Amino acid sequence: MNKDQIKTPPAVEQRTIRVPSSLTVRELASLMQVSPIDVIKQLMSNGIMATINQQIDFDTAAIVASDMGFEVLPEAPSEPAPATAPAAGAPARDRFIADEDPSKLKPRPSVVAVLGHVDHGKTTLLDRIRATNVTAEEAGGITQHIGAYQVTVGGRKITFLDTPGHQAFTAMRARGAQVTDLVILVVAADDGVMPQTREAIEHARAAQVPILVALNKIDKSNANPDRVKQQLADVGLLVEEWGGDVICVPVSAKMQTGIDELLENIFLVTDVADLRANPDRPAQGTVIESTMDERQGAKVTLLVQNGTLHVGDIVVIGTHFGKVRAMFDDRGNRIKQAGPSTPVAILGFPVVPLAGERFEVVVSEHVARETVNARLAAERAADKQQRRTVSLEEVFSRMQSGETQEVNIVLKADVQGSIEPIVNSVCELGSQECKVRFLRQGTGNITESDVMLAVASSAIVIGFNVSVDPAAQRLAEAEGVDIRLYNVIYRLVEDLDKALKGRLEPAYQEVVTGHAEVRAVFKISRRGNVAGAYVLDGQLTRNSPARLLRNGEKVYDGKIASLRRFTEDVAEVNAGYECGIALEDFQDYQVGDIIEGYKMERVS
Ligand code: GDP
C-alpha cells in the first residue's frame, strides 16, 4: 500500500472507522484517509496541540473523527493496524513493540542478514554456520531450505536470513519490512572492498542496522587483511583495532576457522540493542519467502517478530487471509507454535505472498475478512491517484506536514571530483528541522540498483552529468521515483534549496529518444566531418539535444545540427534507416560511436 493514500479524500461509502484505545495522529489520519495536517488542524480547533507522531486516546480520536464526518467504533480486539508503510529508517524492533507494555517484553534472538560482494563467500559461510550448529541427532535429519534458519550458540539462539545478498534485503525493505537487527558484511581478504561491498554498506546504513565484518578467505596465501581494513576505513568503517567501533572477525568459511568467534561477536553487537518482543500476543511479522508446491499448495516462510504464532491461527497478509493448517521449523519438524524471531514455514495460505509483506494474526475469519475488505477499498482509492512515491515536491510536503525531517538522496555523478562539492553545498542547505542524508555517492550512470535503493529508502535520485540506464528508467517510472538530472551544480543546489523552502518549480526529466551507430565518417570540406550513421532504436530529431558515447563514455553533449537522408535535409530519422548526422561544433566522429538523442520533458 502506498503512502499516497493518506491524501486520498475519504470514500463516501467508508465513513465508519475502527479506532484502537490509543493511536498516533498519523495513524488516525491514515484510517480516515485524510492528510495528517487536517487532523492536526481539527485537534487545534478543539484546543489540542499535537504533533504528527503524538499518541492520542480513543475519546480524543473519536471527537476529531466525528467532527470530520466519521462514525467511530472501538477496534475489535487484536484487529491489525492498517498495512501502511512504516516511516523510512525507523528501526524494526521499535515498530512492532512501540505500543507494547514494557513489562510484557521478553528478550528475543537477533535476526542477521549476510551481505557482501559476489563470490566473497556468503553462501559458504551461511552453510558452515548452519552445519556446525546442528546437534548430532539433527545432523542426519532433513535440512529444509525455508529462507531462514536458527542456530544455538552457548544456549542462545540467532536467526539467519539465508538468502544472501542485498537484492533480497532491499526487496524486503522496499515493501516497508525491516527484519534485520545486524548485517554481517562478508569481505574476501584476497579481494577487498568491491562495488557490492560498498552497496551492502550503503543498504545497511540506510536501514540503520549495525555492521559486523567477517573478513573471509584468510586461508588464502594472497589474503591481505590490512589492505582490506584500510579500504573499509576509506568507506567509513573503522575497525576496532584501528580505534573504530566496527568489529572485524577474520574467518575462513572454507576451513571452518573463526566461525565460533564470529557468532560470539554477534551477541556483543546485538546485546547493546536489548532486543525484545512480547511473546504473549497474536503473532505479527514478515514474509521471508514463499513457494507453490503442487501437492501442498502455498508454502510461506514467516518470521515471527512479535507475539506467538500457533497452528490454527488466522493470518492476514496484504489483501488475503488463511488459516495455518500446519507449521514446520527450519529442519522440517512439525511444530505447534513459534515465538519471536522464529522462522517457520506454514501451509494453508491461499496464495503466494511476496517477500517483505507483513503478516498479522487476527481473532476470527470475520475480522480477517473485514480487514482485507478495508485494505482493498484503500488500495482502490490509492490507485486513483497518480503514483508518485518520492518526488522532490512530495518530500517537501511531507516535511511541512511533519511526516519527515529528512531528505534522502542517492547521488550519481560523472566523476569523483564532482561529488564532494555537490555534497558539501547540499549539506549546507540542511537545517535543524531538516536533515539531508546521502545514501549513496557514486560515479557512473543511474542504474537499477540506485533506483532500488531509492525505493527502499524513500529517496530522490540525483544525477550530475550522467544518464539513466533504460532498466533504471523503467523501474523509476513503475515505482514513482523522482530522478533529477543536472549539469550545473548551482542548479542542483538551487532546486533543492527551493524544495526545502517550498518554492520548487516544475521539474524536467530527460527522456532518451533514440540511438544511432556511427558506421562511417565523411569529410565534407566546407562543413567539416559528418557521421554516416544507422538509427538503432527510437528516433533522432534535428535540433534536439544529443550526446556522443564512445565505449559507453560520454565524449560530447550538445545538439544535432543537421540530419540528412541521401542529399536531403530531414527533420527526423527513425530506427532502421541510415542517415548523415552533424553534431554542433563537433568533428571527431569514430566508427562505432553511439549518438544518443534526448529531450527534456516536464514531469510535474
Ligand atoms: P557468494 O557469492 O558470496 O555466496 O560466495 P560463495 O559462498 O559461493 O563462494 C565463492 C567461492 O569462494 C566458492 O568457490 C567457495 O568455495 C570459495 N570460498 C568461500 N569461502 C572461502 C574461504 O574461506 N576460503 C577459500 N579459500 N575459499 C572460499
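Applying the criterion of being open to solvent by 10 Å² or more (accessible area, probe 1.4 Å) and of a type in the set (A, V, I, L, M) to the residues of segment 148-178, the residue that is modelled with the lowest pLDDT is ALA174. Kindly indicate whether VAL591 is part of a loop (DSSP other than H, G, I, E, B) and of a type in the set (A, V, I, L, M, F, W, C). Yes, satisfied. Note on segment 287-310: residues that are acidic (Asp, Glu) and closer than 24 Å to PHE96 by Cβ total 1.
Somewhere in segment 44-56, is a residue under 13 Å from VAL72 (Cβ atoms), of a type outside the set (Phe, Trp, Tyr) and in a helix (DSSP H, G or I)? No, that holds for no residue.
A quick yes/no check of all residues on (1) without any contact (Cβ under 8 Å) to a residue 40 or more places away in the chain; (2) assigned to a helix (DSSP H, G or I); (3) more than 11 Å from the ligand (Cβ to nearest atom):
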site: GLN196; (1), (2), (3): no, yes, no
site: ALA200; (1), (2), (3): no, yes, no
site: ALA204; (1), (2), (3): no, yes, yes
site: VAL213; (1), (2), (3): yes, no, yes
site: ASP226; (1), (2), (3): yes, yes, yes
site: LEU232; (1), (2), (3): no, yes, yes
site: GLY244; (1), (2), (3): yes, no, yes
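Within segment 233-248, at least one residue is buried (at least 16 other Cβ atoms within 10 Å of the Cβ) and touching a Phe, Trp or Tyr at 6+ places or on another chain (Cβ under 7 Å). Apart from one condition, GLY356 fits all of (1) open to solvent by less than 30 Å² (accessible area, probe 1.4 Å); (2) of a type outside the set (S, T, N, Q); (3) touching a Leu at 6+ places or on another chain (Cβ under 7 Å); the exception is (3). Of the set (1) of a type outside the set (Ser, Thr, Tyr); (2) more than 30 Å from ALA326 (Cβ to Cβ); (3) not in a loop (DSSP other than H, G, I, E, B), all apply to GLY236 but (3).
Taking every residue in segment 449-477 that is without any contact (Cβ under 8 Å) to a residue 24 or more places away in the chain and pairing it with any residue that is part of a helix (DSSP H, G or I) and surrounded by fewer than 24 Cβ atoms within 10 Å (Cβ to Cβ), at least 6 positions away or on another chain, the pairs with Cβ-Cβ distances below 9 Å are ARG474/GLU448.
Given the structure, is VAL209 modelled with pLDDT under 95, among the β-branched types (Val, Ile, Thr) and under 24 Å from LYS412 (Cα atoms)? Break it down into steps so the answer makes sense when it comes.
Details: modelled with pLDDT under 95: yes; among the β-branched types (Val, Ile, Thr): yes; under 24 Å from LYS412 (Cα atoms): yes.
So VAL209 passes the test.
Check whether at least one residue in segment 414-433 is free of Cβ contacts under 8 Å to residues at least 12 places away in the same chain, open to solvent by 50 Å² or more (accessible area, probe 1.4 Å) and of a type in the set (Asp, Glu), and report yes or no. Checking segment 414-433: at least one residue is free of Cβ contacts under 8 Å to residues at least 12 places away in the same chain, open to solvent by 50 Å² or more (accessible area, probe 1.4 Å) and of a type in the set (Asp, Glu). A single member of VAL423, VAL372 is closer than 27 Å to THR319 by Cα, at pLDDT 85 or above and in contact with a Phe, Trp or Tyr (Cβ under 7 Å, 6 or more places away or on another chain), and it is VAL372.
For segment 179-205, which residues satisfy the criterion of being open to solvent by less than 20 Å² (accessible area, probe 1.4 Å) and touching a Lys or Arg at 6+ places or on another chain (Cβ under 8 Å)?
In the first step, residues of segment 179-205 are kept if they are open to solvent by less than 20 Å² (accessible area, probe 1.4 Å); the result is 179-189, 192-193, 197, 200-201, 203-204.
If the condition is that a residue be open to solvent by less than 20 Å² (accessible area, probe 1.4 Å) and touching a Lys or Arg at 6+ places or on another chain (Cβ under 8 Å), then ASP181, VAL186, ALA188, ALA189, GLY192, HIS203 are the ones that fit.
I'm checking my understanding of the structure. Among residues of segment 172-194 that are among the aliphatic types (A, V, I, L, M) and in a loop (DSSP other than H, G, I, E, B), which one is farthest from ILE288 (Cα to Cα)?
My answer is ALA189.
The values are calculated or read from the model by the stated rules, or taken from the named source; none is laboratory data. Please read these numbers as outputs of a predicted model, since none were measured by experiment. A quick note on method: Cβ atoms are made from the backbone with ideal geometry, for glycine too, and the neighbour counts reach across all protein chains shown. Side chains are part of the model used for accessible areas, which takes the heavy atoms of the whole protein and leaves out ligands, DNA and RNA. Shrake-Rupley method; radii C 1.70, N 1.55, O 1.52, S 1.80 Å.
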